[in-house]
Amino acid sequence: MGRSGIGFDCHRLVEGRKLILGGVEIPYEKGLLGHSDGDSLCHAICDALLGAASLPDIGHQFPDTDPAYKGAFSLDLLAAVREKIIETGFYPVFIDAVIIAQEPKIGPHYEAMREAISGALEIPSSCVSVKASTTEGLGFLGAKEGIAALAIASVTEMSRE
Ligand code: MG
């Protein structure tokens, strides 16, 4: 049986941090603040996958009070989430995601992100879709205070025969 899950995440943009989105370093004057690398796209995808498997969210799986995850590369967390959902009998099938950012331009990095995410999930890159939108300058995202991401994940249930 197929199931779907939804995920959302947002991190604050600050100076002195690398910008990592979808496991890819993007040249920009600021980066995302977080206990991990602040990769809001990977975190949204993690929560979408966990949701599809009815598992508790990423904050429960990788607490930001745990020093083990300080500076964590979120692509590694995504691979760990894959393992967790497989343990409960689900395999990732398809990911669709949208990054919400006023800056920088995300389009030139779509393919690298799809490769990185599909590598972590061990699915074809044709099964990972990454898109981006601005908010036309509206709100905190439009003011470049942060970068958000939304994701939906489809999973399939393994036969238990
Ligand atoms: Mg996060």
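Determine which member of the set ILE85, ILE99, ILE117, ILE106 is more than 25 Å from SER54 (Cα to Cα) and buried (at least 20 other Cβ atoms within 10 Å of the Cβ). Reasoning before the result, please.
Numbers: ILE85 fails: more than 25 Å from SER54 (Cα to Cα); ILE99 fails: more than 25 Å from SER54 (Cα to Cα); ILE117 fails: more than 25 Å from SER54 (Cα to Cα).
Testing whether each residue is more than 25 Å from SER54 (Cα to Cα) and buried (at least 20 other Cβ atoms within 10 Å of the Cβ) leaves just ILE106.
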Would you pick out the residues in region 123-152 that are free of Cβ contacts under 8 Å to residues at least 40 places away in the same chain and acidic (Asp, Glu)? GLU136
Output the residue which, of all residues in region 6-29 that are within 16 Å of the ligand (Cβ to nearest atom) and either more than 15 Å from the chain's Cα centre (by Cα) or surrounded by fewer than 19 Cβ atoms within 10 Å (Cβ to Cβ) (or both), is farthest from PHE73 (Cα to Cα). ILE6
Just a yes or no: is a residue in region 147-159 of a type outside the set (Gly, Ala, Ser) and at pLDDT below 95? yes
So which of VAL98, VAL155 ends up being within 12 Å of the chain's Cα centre (by Cα) and touching a residue at least 24 places away in the same chain (Cβ under 8 Å)? VAL98
If I go through region 115-136 residue by residue, how many of them are in contact with a Lys or Arg (Cβ under 9 Å, 6 or more places away or on another chain) and on the phi > 0 side of the Ramachandran plot? 1
Assess whether LYS70 counts as being within 16 Å of the ligand (Cβ to nearest atom), among the charged types (D, E, K, R), at pLDDT 95 or above and over 18 Å from GLU122 (Cα atoms). no
Counted residues, region 30-61 - those being buried (at least 20 other Cβ atoms within 10 Å of the Cβ) and near the ligand (Cβ under 10 Å from one of its atoms): 14
Single match in LYS70, LYS30, LYS105, LYS84 (criterion: in contact with an Asp or Glu (Cβ under 8 Å, 6 or more places away or on another chain), over 16 Å from LEU150 (Cβ atoms) and of a type outside the set (Val, Ile, Thr)): LYS30
Residues (surrounded by fewer than 16 Cβ atoms within 10 Å (Cβ to Cβ) and β-branched (Val, Ile, Thr)) located in region 135-161: THR135, THR156
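The values are calculated or read from the model by the stated rules, or taken from the named source; none is laboratory data. Note that the coordinates shown come from a computational prediction; the quantities given were computed from them, not determined experimentally. Cβ sites come from the backbone with ideal geometry, for glycine too, and all protein chains shown count toward neighbours.
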